[in-house]
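To start, the structure under review is shown below, and the notes come after it.
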Amino acid sequence: MSASDTSPTLERRGLLLVLSSPSGAGKTTITRRLVELEGGGVEISISHTTRPKRPDEMDGRDYHFVDQAAFARLRERGEFLESAEVFGHWYGTTRDPVERARGAGRDVVFDIDWQGSQQLAEAVRGDLVRVFILPPSLQALEQRLNRRAQDSPAVVAERMSRAADEMSHHGEYDYVVVNTALETAVDDVRAILRAERLRRQRLKGLDGFVSRLTAGSRPARG
Ligand code: 5GP
């Protein structure tokens, strides 16, 4: 008997973890921290956007920054798994990197809005886990948007005015995490991920595994 026969593990299908929140509630930071702590098992989906790049952002790391024409071409070719207009700019998730990650058994985490989350729910159903991040208060949200200091006051004001609309979609999510303290919120999201990975429906070859277990435990006949 080989070592792998004595310690069999169950394979599972990769899951898609969506994090949504009003802008400034901390989901981008939570997403990055999650991937850092989880190592190679989790991959961030890097969206395409027509929004201008912020000073501390990097093309290919934070987003693929493209112009309207390039975005429209990708959409016409059906390359987006989901896409939506947010704050007057287009954002979208391309299909290929997500399929590749899942094919390799990795989980994919998405920092997308409620519109994208609805579209993904239709596209992948059972393998989608949706988490909504809430700020502890409206004041905390405004402070975070101002502290970010990368957007103009007009942009901050627009994001604040959209926050109530975003938050009204919390009911479409499986879990809610209030981001009062970053590390606690990250822990909460990791706990969700850990439990969701154990869902019976995601485990491949479970029946065969249990059959072998039960066969081994049956008393010998004769
Ligand atoms: P920001 O411009 O602050 O990076 O993002 C603005 C909003 O767009 C955030 O709520 C973010 O989650 C959302 N967003 C980012 N990428 C995507 C995407 O690919 N699809 C959708 N639907 N929303 C996205």
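Quick note: the coordinates plus some simple rules give every number you see, no bench work behind them. Quick caveat, the model's predicted, so the values are computed rather than measured. In this analysis, Cβ positions are derived from the backbone assuming ideal geometry, glycine residues included, and neighbour counts consider all displayed protein chains.
Of note:
- Calculated [θ] (222 nm, deg cm²/dmol) that DSSP helices of n ≥ 4 give over the chain, each run adding -39,500 (n - 2.57): -13500 deg cm²/dmol
- Rounded to 5, percent antiparallel among DSSP beta bridges of segment 64-222: 60
- Relative contact order of segment 72-169, pairs being alpha-carbon contacts under 8 Å that are 6 or more residues apart, as %: 21
- Set of segment 106-132 residues, backbone N closer than 20 Å to the point 7 Å along the Cα-Cβ line of Arg194: 106-109, 129-132
- Counting 0.36 nm for each residue step from Arg51 to Gln118 and taking away their Cα separation leaves a gain of 22.0 nm.
- Charging the Cβ of each Asp and Glu at -1 and of each Lys and Arg at +1, and nothing else, the dipole of segment 161-215 about its Cα centre rounds to 540 debye.
- Axis of helix 206-217 versus longest Cα principal axis of the chain: the two differ by about 30°, to the nearest ten degrees.
- Spatial separation of Cα centroids for segment 1-80 and segment 147-222, in angstrom: 14
- Residues Leu203 and Asn146, FRET efficiency given R0 of 35 Å [Cβ-Cβ distance, rounded to 0.05]: 0.15
- Placing R0 at 25 angstrom, the Cβ-Cβ distance between Arg95 and Thr214 gives a FRET efficiency of 0.05 after rounding to 0.05.
- GNM on the chain, alpha-carbon springs under 10 angstrom: the most fluctuating residue among Leu120, Leu203, Leu128 is Leu203.
- Debye, to nearest 20: dipole size of the chain, +1 on Lys, Arg Cβ, -1 on Asp, Glu Cβ: 900
- Crossing angle, helix 138-148 versus the chain [Cα axis fit, 0-90 degrees, rounded to tens]: 80
- Separation in nanometres of the label points that stand 7 Å from Cα toward Cβ, at Leu10 and Leu37: 2.4
- Prolate/oblate/rounded label for the chain (Cα gyration tensor, a/c 1.5): prolate
- The distance between label points at Asp67 and Asp187 comes to 4.9 nm (points 7 Å beyond Cα on the Cα→Cβ vector).
- Positive-end residue of Pro136, Ala185, Gly216, charge dipole of segment 94-222 with Cβ unit charges: Gly216
- Angle between the chain longest axis and helix 182-197 axis [Cα atoms, degrees, rounded to 10]: 40
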